[in-house]
Amino acid sequence: MEYDRDYRMLIGGKLEGGSARFDVLNPATETVIGSVPDAAPEDLDRAIEAARAAFPGWAATPIAERKVALNAMAQAVLA
């Protein structure tokens with residue numbers, strides 16, 4: 001099985017690598033299967049700020065549009 005080996009955080013609509021990274025191991029083989037961001041408190045603060053800024057627009061979006069958007073995201077994850 002092949003994994004995407006360069007995971008990033010989505011903060012404020014931008015993909016970021018984070019302040020540091022750490023390897024993810026396959027527990028059965030102990031081989032490295034990926035590298036993920038190791039978010040620092042500053043990364044978390046920026047993510048919270050971005051979420052707070054985005055919330056009013058999302059809350060004002062009609063429920064039918066939010067449903068379409070969430071279903072599209074679910075389909076992308078399943079694909």
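Considering only residues that are closer than 22 Å to Met9 by Cβ and among the acidic types (Asp, Glu), which ones fall in the range 41-78?
Answer for the range 41-78, where residues must be closer than 22 Å to Met9 by Cβ and among the acidic types (Asp, Glu): Glu42, Asp43, Asp45, Glu49.
Pairs, please: C-beta under 9 Å, at least 6 apart or cross-chain, first residue among the hydroxyl-bearing types (Ser, Thr, Tyr) and in the range 43-59, second at pLDDT below 95 and assigned to a helix (DSSP H, G or I)?
none
Among strands (runs of 3 or more DSSP E) lying entirely in the chain, which contain 1 or more residues that are surrounded by 10 or more Cβ atoms within 10 Å (Cβ to Cβ) and touching a Lys or Arg at 6+ places or on another chain (Cβ under 7 Å)?
By residue number, 9-11, 14-16, 32-37.
The values are calculated or read from the model by the stated rules, or taken from the named source; none is laboratory data. Just so it is clear, the model here is predicted, and its values are computed rather than measured. Every residue, glycine as well, gets a Cβ built from its backbone with ideal geometry; the counts of neighbours run over all protein chains shown.
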